[in-house]
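The values are calculated or read from the model by the stated rules, or taken from the named source; none is laboratory data. Predicted, not measured: the structure shown is a model, and the values here were computed from it. Cβ coordinates were reconstructed from backbone atoms using ideal geometry, including for glycine residues, and neighbour counts include every protein chain displayed. SASA here: full protein model, heavy atoms, side chains in, ligands and nucleic acids out. Shrake-Rupley method; radii C 1.70, N 1.55, O 1.52, S 1.80 Å.
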Amino acid sequence: MHETFYEVMRRQGITRRSFLKYCSLAAGALGLSPAFAPQIAEAMETKPRIPVLWLHGLECTCCSESFIRSAHPLAKDVILSMISLDYDDTIMAAAGDQAEAIIEETIKKYDGNFILAVEGNAPLDEDGMYCIIAGKPFVEQLRHVANHAKAIISWGSCASWGCVQAARPNPTRATPTHKVPNMPDKPIIKVPGCPPISEVMTAVITYMLTFEKMPTLDNQGRPKMFYSQRIHDKCYRRPHFDAGQFVEKFDDEGARKGYCLYKVGCKGPTTYNACSTVRWNGGLSFPIQAGHPCIGCSEDGFWDKGGFYERLTDIKGFGIEANADEIGGTAAMIVGGAAAIHAGVSVVKRIAQKGDES
């Protein structure tokens, strides 16, 4: 039996007060009120750390790179205290037969009670020979471990949707986890993004540990707490969109004034993610804040939906009131109409004043 999270923290010299402060921060990261902090504390005091097997298929390791940069909670607290990361061939010390034996040991000891985390996807062409792990196609390892897992987390757009490996014409038949043939019927949580936000990744694990269940998912299998709103809905540049103020070129006056990036390709109006609220690097910034349009990397098939700097032509169906040209034209008419009304009122006032003088 694994130690509880609290036992590990106490063994490392963490005070009770610091532990409770951590629980409050974890509640905030999950989007919960401070009232949930005691519930998180109880879970971490009483429940053993959950075993995790983290597999890697076709990917660039950007999900792992993002994960280790989490600030709330710190990745080291997640790996060393909250979960028991029994296998991750990217960061583990073991290698070769010794590493692969850990998978079988975990399956034998925790059959049906561990989480399978998948980073990357499985190529199916040529019998899966485009991705070989320990001398066997990755797809075989994936199915084998999934058969014994309690639930599956698909990290990033590679595991969730296929990402660049599955872009047309997809010569290796790279396939996201939920579409791999003959996969067991296990719950799958998709955490898309290229990569996903680090705090989103650690928060999903914290939620599952605390409440012993999967977070509420949307119709595409993504946690609603982080993927229920478009980036556009909470973007600090949204007022410029509504006012018809757009960047036309990256070096124009609108770009220097921080206008909306919609016309230079921003996919924020069609992208569901927490970038504009949680942000990146400890909440420091996100691409739009840095002056670059959102490329929609957390959406299915984003790589095949046109150039990153090509504007969306008409996105009314996604909830936007009008397209950029209509908004800009309407804003101009409103301003022009207001100016005309103001001029008319001024003329009437002057005529009235002259009449009073006579």
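I'd like the accessible area for Lys224, computed on protein heavy atoms only with a 1.4 Å probe and all protein chains in place. Round to 10 Å², please.
Number for this one is 90 Å².
Got a sec to turn the phi values of segment 264-270 into Karplus ³J(HN,Hα) couplings, 6.51 cos²θ - 1.76 cosθ + 1.60 with θ = phi - 60°, whole Hz, x for Gly and Pro?
Computed from phi, the couplings for segment 264-270 are 9, x, 4, 9, x, x, 10 Hz.
Per residue, how many Å² of accessible area does segment 116-231 show with a 1.4 Å probe?
Result: 38 Å² per residue.
Which order do Thr270, Thr177, Thr90 take when ranked by solvent-accessible area (1.4 Å probe, heavy atoms of all protein chains), largest first?
Putting Thr270, Thr177, Thr90 in descending order of accessible area: Thr90, Thr270, Thr177.
Treat each spin label as a single point 7 Å out from the Cα along the C-beta direction, and report the Asp111 to Glu310 distance in nm.
5.2 nm
In the neighborhood of Glu105, defined by Cβ-to-Cβ distances under 13 Å, what is the net charge if each Lys or Arg adds +1 and each Asp or Glu adds -1?
-3
For segment 171-266, what % of the accessible area comes from carbon and sulfur atoms, probe 1.4 Å?
Carbon plus sulfur share of accessible area: 47 percent.
Would you check the accessible area of Tyr110, probe 1.4 Å, heavy atoms only, in square angstrom rounded to 10?
The value for Tyr110 is about 40 Å².
Keeping every protein chain in place, order Thr202, Thr46 by accessible area at 1.4 Å, biggest value first, i.e. largest first.
Sorted by accessible area, descending: Thr46, Thr202.
When only Cα pairs under 8 Å and 6 or more residues apart are kept, what is the percent relative contact order across segment 70-202?
Relative contact order, segment 70-202: 27 percent.
Taking 22 Å as the cut-off for C-alpha to C-alpha distance, list the pairs among Lys47/Lys108; Lys21/Lys234; Lys47/Lys213; Lys179/Lys305; Lys109/Lys224 that go past it.
Pairs exceeding the cut-off: Lys21/Lys234; Lys109/Lys224.
With every protein chain present, what accessible area does His240 have (1.4 Å probe, heavy atoms only), rounded to the nearest 10 Å²?
About 50 Å², ignoring ligands and nucleic acids.
Starting from the residue with the highest accessible area, list Phe36, Phe211 in decreasing order, probe 1.4 Å.
Phe36, Phe211
DSSP loop (so not H, G, I, E, B), at most 12 other Cβ within 10 Å: list which GluC sites (Glu not before Pro) in segment 201-276 pass both filters.
Sparse-neighbourhood loop GluC sites (Glu not before Pro): Glu212, Glu248.
Rolling a 1.4 Å sphere over the protein heavy atoms, what is the accessible area per residue of segment 267-314, to the nearest Å²?
About 48 Å² of surface per residue is accessible.
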